[in-house]
1. Please give the helix 27-47 orientation as an angle from the longest Cα principal axis of the chain, in degrees from 0 to 90, rounded to the nearest 10.
2. Please report, in Å, the Rg and the Dmax of region 83-207, where both are computed over Cα atoms only.
3. Could you give the length gained by full extension between residue 40 and residue 229, i.e. 0.36 nm per residue of separation minus their alpha carbon distance, to one decimal place?
4. Okay, helix-only estimate at 222 nm for the chain: each DSSP H run of n ≥ 4 adds -39500 (n - 2.57), divide by all residues, round to 500 deg cm²/dmol; what do you get?
5. How far is the Cα center of region 162-239 from the Cα center of region 99-126, in Å?
6. Mind giving me the FRET efficiency for residue 199 and residue 51? R0 is 25 Å, r the Cβ-Cβ distance, nearest 0.05 is fine.
7. What is the angle, in °, between the Cα long axis of helix 198-227 and the longest principal axis of the Cα atoms in the chain? Nearest 10 is fine, range 0 to 90.
8. Mind giving me the nanometre distance, one decimal, between the label points for residue 130 and residue 215, set 7 Å out from Cα along Cα→Cβ?
Amino acid sequence: IHVFTMLGLLTTGVLLERFALPGEPLAAFAWVFSGAALARAVSCAFLLRQSELEPHPSAARRVPFAAFLARFRGGHDGRLFLALFASQAALQFAVPYFLPYVRGPLGFDYASTMALLAAAVLGRFLALPAFGEFARRRSRSALFVLGGALCVPATLGWIVSDRFLPLLAAQLFAGAAFGAFELATFLAFFARIEREERTGVLTWYHVVNASAFAAGSLAGGALLERGGSDARAFQVVFAVAAGLRFLAFLLVLRAERGHADPVPRS
């Protein structure tokens with residue numbers, strides 16, 4: 001998955017850089033979006049050919065939204081979801097503005113910009129096997145704490161230098177850090193949520209998570225708008241995001257205190 005994502009980013013960068021016509025800056029985007037639509041259509045054709053490996057559990061339980069919210073009043077599930085939502089909001093406070101930062105104040109071309117985005121994917125690709133082994137040997141909770149700690153300084157690497165190679169290294173590190181946290185999150189769903197209510201709980205989780213995503217992005221955008229559009233304004237947003245990630249990390253520590261569950265075998 002990560003290899004194809006990385007190839008898609010690099011291909012897009014080359015297309016936008018080489019095939020943008022003078023006087024028609026949007027023509028290259030039209031070709032990129034058309035290609036993306038075609039790829040989605042092919043994907044849907046293959047998805048239609050898939051079937052369930054096993055039937056839906058007959059004892060599946062519906063989880064009302066009120067019941068989902070009630071989990072926040074206590075218990076490990078509530079603490080875990082709160083840590084995830086806070087982490088997502090803190091992350092999205094900065095991530096949407098990395099691309100405008102390198103394209104705007106730093107003035108990178110599309111090929112270099114897409115290479116930086118692809119580097120984050122490459123960081124995930126290279127680090128995930130090691131993180132999976134770490135979780136197997138230690139525990140999913142240990143990976144959660146490690147991923148949360150690595151994510152705290154991830155956006156700070158974007159303000160250390162405005163040159164391509166240091167930013168490339170920063171993106172590799174950020175990708176690895178985010179990959180560790182995402183893998184721990186994925187494993188947590190199987191370790192902590194009962195199969196009979198997994199569909200209902202994850203449905204509401206994604207609804208609230210998308211709200212946290214939007215809230216973090218809007219808050220970062222509001223701060224950026226107040227600061228202006230120069231490089232320093234972007235760097236302030238990235239620094240504040242690191243502070244927010246630290247606060248979210250404290251919630252991760254609270255959620256995982258006393259839990260050392262291994263990776264589920266099934």
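1. With both axes taken from Cα atoms, the answer is about 30 degrees.
2. Answer for region 83-207, Rg first and Dmax second: 16.2, 51 Å.
3. Gain on extension, residue 40 to residue 229, equals 64.6 nm.
4. -25000 deg cm²/dmol
5. 16 Å
6. Here the calculated transfer efficiency is 0.90.
7. Helix 198-227 sits at roughly 40 degrees to that axis.
8. 3.4 nm
Just so you know, all these numbers are worked out from the coordinates, no wet-lab data involved. Keep in mind that what you see is a predicted model, and the values were worked out from it rather than measured. As a convention, Cβ positions derive from the backbone with ideal geometry for all residues, glycine included, and neighbour counts pool all protein chains shown.
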